[in-house]
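The values are calculated or read from the model by the stated rules, or taken from the named source; none is laboratory data. Because the structure is predicted, anything quoted here is derived from the model rather than measured. A quick note on method: Cβ atoms are made from the backbone with ideal geometry, for glycine too, and the neighbour counts reach across all protein chains shown.
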Amino acid sequence: MALSLFSKTKKAIIERAQDDYATKMRLKYKPYYHAMEWQEGTRIRLQGRDMIMLSSNDYLGLSFHPKVIEACGAAAKIWGTSTTGARISNGSRSYHTALEEKIAAFLGREACHISVAGYVSCCSAVATFAQKGDVILADKNIHSCLWDGVRLSMAGVERFSHNNPEDLRQVLKSLPHGTPKMLVVEGVYSMEGHVCRLPEIAQLAEEAGCFTVLDDAHGFGVLGRQGRGTVDHFKLNDKVDILCGSMSKSLASTGGFITGSRDMIEYLRTNSKQTLFSAAIGPSQAATASASLDVMQSEPQHLERLWRNTKRYREMLKGLGLDTWESETPAVPIVLGSKELVYRFWNALLDKGVFTVMSIAPAVPPGKDLIRTAVSALHSDADLEKIAAAMAYAVKQL
Ligand SMILES: Cc1ncc(COP(=O)(O)O)c(C=O)c1O
C-alpha cells in the first residue's frame with residue numbers, strides 16, 4: 001500500500017524534463033544527433049546516403065592520417081585502454097608527462113596539464129584561478145565551457161561587447177581599483193570564425209593588471225607558425241597567462257590542455273577540482289594527439305591545403321551573396337537570421353549530399369541564426385565543387 005502511494009507522488013523535476021519544449025522540438029524535427037553509419041575522411045554515410053562532411057573540426061584532416069591511426073592503436077596495446085584513475089592518485093603515466101612536455105615546448109610555455117576534454121580544461125582554466133571577490137571580464141560570445149568556469153569560480157562577471165577593445169576599456173574604467181581581475185577570451189571564436197583582436201585587448205588587460213585566459217580550441221592548428229595558434233600568430237606569448245584548448249579539433253583526438261608558467265600549472269594541479277577528481281586521459285587519445293602534433297610539424301602541406309580550401313570556400317560563399325559574419329578562419333558561419341530559413345537551407349544542403357550543423361538562438365545571438373560550416377584540409381577539389389553546387393541550390397530554396 002505504502003509503495004503504491006509513493007509511486008503516485010509527482011516528481012516536479014521529471015515533469016519539467018518531460019515537458020521541455022526544446023526537447024520536444026528536437027525529437028519532432030530531428031535536426032541533431034545524426035548517427036552516421038560510416039566515415040572515411042570527408043565522406044560520411046547517413047541513412048544509406050553518401051555525403052560530404054562540412055562541419056567537422058578536423059581542420060587539418062589528421063583523423064584519417066596513417067601515422068595518427070597507427071599511434072592510436074599501438075598505445076592501447078602498450079598501456080591497455082584506460083588508467084581508470086585521476087592523475088593525483090593512480091592515473092598518472094609517463095605518456096601524460098611526455099605529451100605535456102611536447103605541447104608546452106611547441107607553444108613556448110613552461111608547463112602544460114592535459115585532461116579528458118577541452119571542455120574540462122577550459123572550464124578549469126577559469127574556475128581554478130578566479131575566486132569570490134574577483135571580477136572576470138568576459139567577451140560576450142565565449143564558449144559555454146568558459147561560462148561554466150565563470151559560474152563555478154563564484155567571481156563577479158562583467159561582459160564586454162564581442163571582440164570590442166573600446167567596450168573593454170569602458171568596462172575596465174568602471175571597476176574599483178585593486179580588485180583582482182581576469183580576462184577571458186577565445187583566440188578564434190568557434191561560431192563566428194573571428195580572430196580575437198588580441199593586440200589591443202591584451203594591452204588593455206595588461207595595463208589593468210588582468211590575469212589573461214585564452215581558449216584557442218579553434219586557433220590551434222590553424223593560425224601561427226606550424227599551427228601554434230592565435231597567440232603565436234600575434235607573437236604575444238608573454239601577454240597571455242593561461243593558454244588552453246582542445247585536442248578534439250586539429251589534433252584529431254579528444255582531450256584538452258592548459259598551458260602556462262610552471263607555478264601556475266602546479267597551482268592548478270593542487271586546486272582544480274576537475275583535475276583532482278576526474279580520471280586521466282586514456283592512452284590512445286593521448287597517443288593520437290601526440291602523433292598529430294608530430295605531423296603538424298613535419299608535414300606543412302596540411303596547413304597549406306587548409307588555407308587554400310578556406311580561401312576558395314569563402315570566395316564561393318561570397319559569390320552567392322551569403323553572409324559569413326566576416327569569418328577570417330576555416331570556421332565559416334552562414335548567417336540566415338531566422339530558424340525557419342536555417343532549417344530550409346540546412347535541409348536543402350542535406351538533399352544535395354552536404355552535411356552541416358544548424359545553430360539557432362539562444363546558442364547564437366538573436367537574429368544571428370546560422371549554419372555552422374568548417375573547411376578541412378581533407379576537402380578535395382571535387383568536394384568543393386559539389387559543395388558549391390549544393391550551396392547554389394540551397395540559396396534558391398530561401
Ligand atoms: C571554443 C571552445 N572551447 C572548448 C571547446 C570544448 O572542446 P572539447 O570538444 O574538446 O571538449 C570547444 C568545443 O566545441 C570550443 O569550441
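Does VAL157 count as more than 16 Å from the ligand (Cβ to nearest atom) and either under 16 Å from LEU214 (Cα atoms) or in contact with a helix residue (DSSP H, G or I) (Cβ under 6 Å, 6 or more places away or on another chain) (or both)? It is true that VAL157 is more than 16 Å from the ligand (Cβ to nearest atom) and either under 16 Å from LEU214 (Cα atoms) or in contact with a helix residue (DSSP H, G or I) (Cβ under 6 Å, 6 or more places away or on another chain) (or both).
In the range 178-189, the residues that are within 11 Å of the ligand (Cβ to nearest atom) form Cβ pairs under 6 Å with partners that are acidic (Asp, Glu) and part of a strand (DSSP E or B), at six or more places apart or across chains, as follows: VAL185/ASP139; GLU186/ASP215.
Can you confirm whether the range 17-25 contains a residue that is in a helix (DSSP H, G or I), among the hydrophobic types (A, V, I, L, M, F, W, C) and surrounded by 10 or more Cβ atoms within 10 Å (Cβ to Cβ)?
If we filter the range 17-25 for residues that are in a helix (DSSP H, G or I), which is where we start, we get 17-18, 21-25.
Now narrow it down to the ones that are among the hydrophobic types (A, V, I, L, M, F, W, C): 17, 22, 25.
So of that shortlist, the ones also surrounded by 10 or more Cβ atoms within 10 Å (Cβ to Cβ) come out as 17, 25.
Within the range 17-25, one or more residues are in a helix (DSSP H, G or I), among the hydrophobic types (A, V, I, L, M, F, W, C) and surrounded by 10 or more Cβ atoms within 10 Å (Cβ to Cβ).
Among residues of the range 227-243 that are over 13 Å from GLU110 (Cβ atoms), those with a beta-carbon under 7 Å from a residue that is at pLDDT 95 or above and among the aromatic types (Phe, Trp, Tyr) at least six positions away or on a different chain give the pairs GLY227/PHE220; ARG228/PHE106; GLY229/PHE220.
Hey, could you check the range 36-75 for residues that are part of a loop (DSSP other than H, G, I, E, B) and over 24 Å from PHE220 (Cα atoms) and say which is farthest from the chain's Cα centre (by Cα)? Walk me through how you get there before you give the answer.
So the first thing to find is which residues in the range 36-75 are part of a loop (DSSP other than H, G, I, E, B), and the list is 36-37, 41-42, 47-48, 54-61, 65.
Next cut, over 24 Å from PHE220 (Cα atoms) only: 36-37, 47-48.
Numbers: MET36: 21, GLU37: 24, GLN47: 27, GLY48: 29 Å.
Looking at residues that are part of a loop (DSSP other than H, G, I, E, B) and over 24 Å from PHE220 (Cα atoms), I get GLY48.
Test SER94 against the criterion of being among the polar types (S, T, N, Q) and either within 16 Å of the ligand (Cβ to nearest atom) or buried (at least 20 other Cβ atoms within 10 Å of the Cβ) (or both), and give yes or no. Even if it seems obvious, please write down each step before you answer.
Values: among the polar types (S, T, N, Q): yes; either within 16 Å of the ligand (Cβ to nearest atom) or buried (at least 20 other Cβ atoms within 10 Å of the Cβ) (or both): no.
So SER94 fails the test.
Of the conditions (1) assigned to a strand (DSSP E or B); (2) farther than 24 Å from ALA377 by Cβ, CYS244 satisfies every one except a single condition; which number is it? The one condition CYS244 does not meet is (2).
What do you reckon, is ARG228 at pLDDT 95 or above, in the same structural domain as LYS140 (by TED's automatic domain parsing), away from the ligand (no atom under 16 Å from the Cβ) and within 19 Å of SER376 (Cα to Cα)? Yes: the conditions hold for ARG228.
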